[in-house]
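Have a look at the structure below, then the notes.
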Ligand code: DGL
């Protein structure tokens with residue numbers, strides 16, 4: 001096994017990528033990372049016991065995020081993906097301080113905001129949890145790169161509970177999506193960012209609402225490419241498609257998580273309970 005001095009700690013390509021979220025949302029990003037990097041071992045942590053993060057205080061989100069980061073570092077991960085906007089918006093600094101350059105940390109807001117800011121979009125809408133919207137991080141980051149862009153953020157707090165309850169393709173979710181997207185704040189947008197990693201699970205409903213009028217940013221793809229380019233730059237990409245392993249840890253095992261994780265990663269995966 002080749003061990004590399006990377007500018008982070010001493011890391012090896014064989015080590016897994018650690019990904020975390022409050023629940024099933026991060027799976028939409030994990031799935032894209034798996035598609036783009038099929039040789040990579042992945043460890044996923046879903047903090048199902050404490051969701052929704054979007055309704056929690058900053059202190060609580062920082063506490064959970066740090067504990068999960070420690071867990072993933074103990075599992076020997078070579079990179080950590082914060083596949084949660086609420087955790088990125090409230091705890092990125094603390095996670096970076098804790099990791100202290102031992103491994104790369106990839107979040108879900110900065111790569112997306114940067115990409116959007118340099119493409120030509122004039123009126124951007126962001127839908128996200130309360131914890132993300134109240135941080136204003138999308139708006140600040142996009143406008144730091146391009147101050148001519150108008151960014152309107154709308155909190156859409158009922159979506160995560162609906163998704164976690166398994167109400168996808170369901171009249172209830174349909175009604176909530178239509179109600180939120182009809183909000184005046186979003187009326188002139190040409191581009192929409194799904195600022196919560198759960199929301200790609202409602203892509204069909206969201207697309208139905210907008211038709212071709214509004215471009216929906218593919219955040220999972222942008223973030224997966226960022227993971228790829230960072231690992232590539234540090235020569236940490238696993239080269240062989242042999243014995244690839246996927247591990248899933250949850251603070252509470254839920255039927256919905258089981259269903260979606262098996263749909264994305266195959267029936268043979270096992271879910272393990274982890275106490276934080
Ligand atoms: N999926 C997460 C996010 O991107 C968290 C949702 C929640 O637990 O409220 O914000």
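Out of the residues in the range 49-61 that are buried (at least 20 other Cβ atoms within 10 Å of the Cβ) and part of a loop (DSSP other than H, G, I, E, B), which is farthest from the ligand (Cβ to nearest atom)? Full working, then the answer.
Residues of the range 49-61 that are buried (at least 20 other Cβ atoms within 10 Å of the Cβ), as a first pass: 51-54, 56, 61.
Pick out the ones that are also part of a loop (DSSP other than H, G, I, E, B) and you get 51-52, 56.
On the way: 51: 4, 52: 3, 56: 8 Å.
Step by step, filter the range 49-61, then rank; the result is 56.
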>> Can you report the number of residues in the range 183-201 which are surrounded by fewer than 21 Cβ atoms within 10 Å (Cβ to Cβ) and part of a loop (DSSP other than H, G, I, E, B)?
In response: 4
> Just to be sure, is residue 207 more than 15 Å from the chain's Cα centre (by Cα), away from the ligand (no atom under 16 Å from the Cβ) and surrounded by fewer than 17 Cβ atoms within 10 Å (Cβ to Cβ)?
Replying inline: yes
> Do you know which of the residues in the range 39-48 that are over 18 Å from residue 235 (Cβ atoms) and surrounded by fewer than 24 Cβ atoms within 10 Å (Cβ to Cβ) is nearest to the ligand (Cβ to nearest atom)?
Replying inline: 48
> Do we find that residue 116 is more than 16 Å from the ligand (Cβ to nearest atom), under 15 Å from residue 185 (Cα atoms) and touching a helix residue (DSSP H, G or I) at 6+ places or on another chain (Cβ under 8 Å) in this structure?
Replying inline: no
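Each row is one residue, and each column tells you yes or no for (1) at pLDDT 95 or above; (2) surrounded by fewer than 20 Cβ atoms within 10 Å (Cβ to Cβ); (3) farther than 20 Å from residue 273 by Cβ.
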| residue | (1), (2), (3) |
| --- | --- |
| 9 | no, yes, yes |
| 13 | yes, no, yes |
| 63 | yes, yes, no |
| 69 | yes, no, no |
| 75 | yes, yes, no |
| 86 | yes, no, yes |
| 89 | yes, no, yes |
| 107 | yes, no, yes |
| 114 | yes, yes, yes |
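Which of the residues that make up the range 239-267 are in a loop (DSSP other than H, G, I, E, B) and touching a strand residue (DSSP E or B) at 6+ places or on another chain (Cβ under 9 Å)? Before the answer, list the steps.
Quick first cut of the range 239-267, residues in a loop (DSSP other than H, G, I, E, B) only: 239-245, 251-254, 266-267.
Within the range 239-267, 244, 245, 251, 252, 253, 254, 266 qualify.
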>> Taking the criterion of being part of a helix (DSSP H, G or I), under 18 Å from residue 88 (Cα atoms) and away from the ligand (no atom under 16 Å from the Cβ), would at least one residue in the range 161-178 satisfy it?
In response: no
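Just checking, does the range 8-25 include any residue being within 11 Å of the ligand (Cβ to nearest atom), closer than 22 Å to residue 195 by Cβ and in a helix (DSSP H, G or I)?
The answer is yes, given that some residue of the range 8-25 is within 11 Å of the ligand (Cβ to nearest atom), closer than 22 Å to residue 195 by Cβ and in a helix (DSSP H, G or I).
This table checks each residue for (1) in contact (Cβ under 8 Å) with a residue 40 or more places away in the chain; (2) assigned to a loop (DSSP other than H, G, I, E, B); (3) touching a strand residue (DSSP E or B) at 6+ places or on another chain (Cβ under 8 Å).
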| position | (1), (2), (3) |
| --- | --- |
| 81 | yes, no, yes |
| 88 | yes, no, yes |
| 94 | no, no, no |
| 97 | no, no, no |
| 101 | yes, yes, no |
| 112 | yes, no, yes |
| 116 | yes, no, yes |
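The values are calculated or read from the model by the stated rules, or taken from the named source; none is laboratory data. For clarity, every value in this text was computed on a predicted model and none was experimentally measured. FYI the Cβ positions are ideal-geometry reconstructions off the backbone, even for glycines, and counts take in every protein chain you see.
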